[in-house]
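Q: Structure incoming, see below.
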Amino acid sequence: MTFRRNSDSENHDEAGHYWISISDLMTSLLFIFILILAYTIFTFTQKQEGFEENFNARVELLRALQKELKEKNIDVDIDPENGNMRIRADTFFAVGSAELSSDGFAKLAQIAKQVSEKLSVAKFKKAIDTIFIEGHTDNKPLTQNGTGRRWTNMELSSQRAINSFLAMDKEANISVLKNGNGRFLFSYSGYADTRPVDRADSDEARGKNRRIEFFFALSSPKVAK
């Protein structure tokens, strides 16, 4: 007896196996996609929660600094949302000068002490990555400094920031302070008149723009692995 192979049946079985393989592959890919999506959502949620925690700690830090400095007759303006603390440069320096007055040195010493004390608190140290000491001027060009050489506003603002840092370091040794990641905490820079807080063309506005500003940059939240 001769048996005839049923090629149609075999082709049907092969096609069925092929579609089962494709289905398994698509299921596996979908599962991997779901895992990646879940991890992404988890990571984003952790970062968001960490950012909010650091943001709230910075707000608390700035308000505490403002309160305690006011008790020592040092008035500072704060912008808790953006992380800035400002004090007029006229409080520290004579017009066109980067040399600190004795009163300016005393006030910076108090600011250094208060910042150092606050940054020893774990939640504040964790929240802050860097504190930038910034020098800012008004938009009037300068004539000359005490040596007879013309200053630029950029030079003046930079030197004021440096001298403020040196005064604070002399009083509270801030140059050794580190953030939660073990990196040095303080930095300094000069911006001249490029970042005014008041753009009006008036003596009052220019007085606000002449300032030393402390910018408290937030740390990037860590994600548990």
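Q: Can you tell me which residue within region 95-123, out of those that are of a type in the set (D, E, K, R) and over 18 Å from Lys67 (Cα atoms), is least open to solvent (accessible area, probe 1.4 Å)?
A: Here the answer is Asp103.
Q: Filtering region 43-61 down to residues that are at pLDDT below 95 and among the charged types (D, E, K, R), which residue is nearest to Ser116 (Cα to Cα)?
A: The qualifying residue nearest to Ser116 (Cα to Cα) is Glu53.
Q: Given the conditions (1) open to solvent by less than 30 Å² (accessible area, probe 1.4 Å); (2) more than 17 Å from Lys126 (Cα to Cα); (3) of a type outside the set (Lys, Arg); (4) modelled with pLDDT of 95 or more, which single one is not true for Ala64?
A: All conditions are met except number (2).
Q: Still on this structure, please answer the following. From the list Glu204, Glu155, exactly one residue is in a helix (DSSP H, G or I), touching a strand residue (DSSP E or B) at 6+ places or on another chain (Cβ under 9 Å) and over 20 Å from Leu119 (Cα atoms). Which is it?
A: Glu155
Q: Could you list, ordered by first residue, the pairs with Cβ atoms under 6 Å in which the first is in region 200-211 and within 14 Å of Phe92 (Cα to Cα) and touching a residue at least 40 places away in the same chain (Cβ under 8 Å) and the second is open to solvent by less than 30 Å² (accessible area, probe 1.4 Å) and polar (S, T, N, Q), at least 6 apart or interchain?
A: Sorted first by the residue in region 200-211, then by its partner, the pairs are Arg210/Thr137.
Q: How do the pairs read when you match residues in region 95-112 that are in contact (Cβ under 8 Å) with a residue 24 or more places away in the chain with residues anywhere that are open to solvent by 50 Å² or more (accessible area, probe 1.4 Å) and outside any helix (DSSP H, G or I), using Cβ under 6 Å and keeping only pairs 6 or more apart or on different chains?
A: Gln110/Lys72
Q: Looking at (1) in contact (Cβ under 8 Å) with a residue 24 or more places away in the chain; (2) closer than 15 Å to Arg211 by Cα; (3) assigned to a loop (DSSP other than H, G, I, E, B); (4) open to solvent by 10 Å² or more (accessible area, probe 1.4 Å), find the lone condition where Phe165 falls short.
A: (3)
Q: OK, next. Looking only at strands (runs of 3 or more DSSP E) that lie completely in region 68-143, which have at least 2 residues being over 15 Å from Asn209 (Cα atoms)?
A: 128-136
The values are calculated or read from the model by the stated rules, or taken from the named source; none is laboratory data. Because the structure is a prediction, the values reported are computed rather than measured. As a convention, Cβ positions derive from the backbone with ideal geometry for all residues, glycine included, and neighbour counts pool all protein chains shown. Remember, those area values only see protein heavy atoms, side chains included, never the ligands or the DNA or RNA. Shrake-Rupley method; radii C 1.70, N 1.55, O 1.52, S 1.80 Å.
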